[in-house]
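Structure first, then comments.
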Amino acid sequence: MTDTTALTPQEVADILRIAKNTVYELIKRGELNGYRVGKKVRVDLQDVEEYKNRTKQARPSAPESPGAASGLRQIPQYHESASIGNFIICGQDALLDILSRYLEAHSNGTRALRSYIGSYNGLYALYQGKVHVASAHMWDSETNTYNVPYVSKMLPGVPAMVINLASRTQGFYVAKGNPKNIRTWKDLAREGVSIVNREKGSGVRILLDEHLRKLRILPRDINGYDREYSSHLAIASAVARGEADAGIGNEKTGLQVPEIDFIPLQKENYDLIMKKEDQDKPVFQAIIEIIRSKEFITELKGLGGYDVAKTGQIIAET
């Protein structure tokens with residue numbers, strides 16, 4: 001894959017989780033670079049990633065309207081008196097888009113806004129009351145468990161439920177054929193090996209930092225540690241372009257970029273966290289019902305890359 005990997009408007013729409021017509025509007029307004037090949041419009045993958053990184057840093061003067069749910073980056077303030085249209089689900093995985101679609105169609109559901117921030121910041125936003133539910137995949141090296149230790153510490157005095165959405169496999173993205181023979185966390189510190197990293201607060205960044213801490217490897221010993229991208233796809237793309245020798249991400253995204261290999265490392269829990277005080281409210285009951293439904297689980301199976309053996313189970317109550 002190169003910087004000029006060409007995507008159709010529909011492929012761009014799928015990546016950004018927006019309508020195809022919105023892609024044309026973004027190009028027309030000059031917010032997203034596009035070009036014509038004959039009568040067809042094409043957009044380079046790198047331009048899509050640059051657009052995403054640019055909008056994640058944008059801070060609009062007013063909150064997004066409910067109708068702009070698919071592109072939400074700023075987290076609107078949430079109060080008990082907030083309208084049902086301000087229901088916010090926090091997290092980055094595409095399965096949350098599926099959950100949002102089911103929730104809008106449910107008899108007790110609502111249209112959900114999405115906040116695309118990492119696990120740590122999502123839990124913090126839940127604690128502050130800025131989002132209704134958060135998702136997380138944060139590994140704790142001391143207990144070799146996911147999420148529960150962080151929920152207990154980051155929501156002090158706030159009883160919460162941790163519900164499994166799915167399990168995923170995390171690993172290294174490396175160049176085709178793995179020419180640097182990168183197989184373990186120690187290999188990232190070898191001379192001649194460079195990486196690209198995820199942003200602070202993401203589950204992937206925490207996973208890397210926890211392993212480096214256990215191995216007593218300092219971040220400064222990792223070439224490329226400070227080069228950050230804000231999505232699994234951006235990391236995979238950077239490795240495919242030769243910008244780095246390795247990056248970390250989930251298996252499902254790795255399958256979307258044929259020019260790289262995926263080296264599996266460990267299975268993680270991707271969980272949904274909600275406050276126990278909310279669990280009896282109709283919209284939260286709808287979420288639990290959807291996650292446990294045959295239709296939702298079947299759709300996740302069809303996507304590939306998700307282990308649904310524990311989907312819908314309450315992992316812990318804090």
- [ ] Give, as a single signed number, the net charge of other residues whose beta carbon lies under 14 Å from the beta carbon of Ala175, with Lys and Arg counted +1 and Asp and Glu -1.
- [x] -1
TODO: Only residues of the stretch 169-200 count here: report those whose backbone N is under 12 Å from the spot 7 Å along Cα→Cβ of Ser141, or say none.
DONE: 185-186
- [ ] Could you grab the relative contact order for the chain? Cα pairs under 8 Å, six or more apart, rounded to a whole percent.
- [x] 20
Open item on the list: Between Lys276 and Arg183, what's the calculated FRET efficiency when r is the beta-carbon distance and R0 is 25 Å? Round to 0.05.
Closed with: 0.05
Task: Shape box of the chain [Cα atoms, principal axes, largest first, Å] - done: 55, 54, 39
- [ ] Before rounding to the nearest 500, sum -39500 (n - 2.57) across all DSSP H runs of length at least 4 in the chain and divide by the residue total; then give [θ] at 222 nm in deg cm²/dmol.
- [x] -9500 deg cm²/dmol
Task: Antiparallel DSSP beta bridges within the stretch 79-158, percent to nearest 5 - done: 25
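May I ask for the net charge around Asp97, where only other residues with Cβ less than 13 Å from the Cβ of Asp97 are counted and Lys, Arg are +1 while Asp, Glu are -1?
Values: positive: Arg17, Arg101, Arg111, Arg114; negative: Asp14, Asp93, Glu104, Glu299.
Combined, the nearby Lys, Arg, Asp and Glu give 0.
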TODO: Return one whole number: the accessible area per residue of the stretch 199-256 in Å², for a 1.4 Å probe.
DONE: 43
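Kirkwood hydrodynamic radius of the stretch 116-188 from all distinct Cα pairs, in Å? Don't skip to the end; give the middle numbers.
Details: mean 1/r = 0.0685 Å⁻¹.
Evaluated on the stretch 116-188, it is 14.6 Å.
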Task: Sites excluded, GluC sites (Glu not before Pro) in DSSP loops with at most 13 other C-beta within 10 Å, longest stretch of the chain - done: 192-318
- [ ] Check each of the trypsin sites (Lys or Arg not before Pro) in the stretch 192-280 and keep only those in coil by DSSP with at most 13 other C-beta atoms within 10 angstrom; list them in order.
- [x] Lys200, Arg216
Task: Fraction of accessible area attributable to carbon and sulfur, the chain (%, probe 1.4 Å) - done: 49
TODO: Please give the length that would be gained between Gln313 and Asn33 if that part of the chain were fully extended, namely 0.36 nm times their separation in residues minus their C-alpha to C-alpha distance (nm, one decimal).
DONE: 96.5 nm
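The values are calculated or read from the model by the stated rules, or taken from the named source; none is laboratory data. As the structure is a computational prediction, the values presented were derived from the model and not from experiment. Every residue, glycine among them, receives a Cβ derived from its backbone with ideal geometry; neighbour counts consider all protein chains shown. In case anyone asks, the SASA skips ligands and DNA or RNA and just uses the protein heavy atoms, side chains included. Shrake-Rupley method; radii C 1.70, N 1.55, O 1.52, S 1.80 Å.
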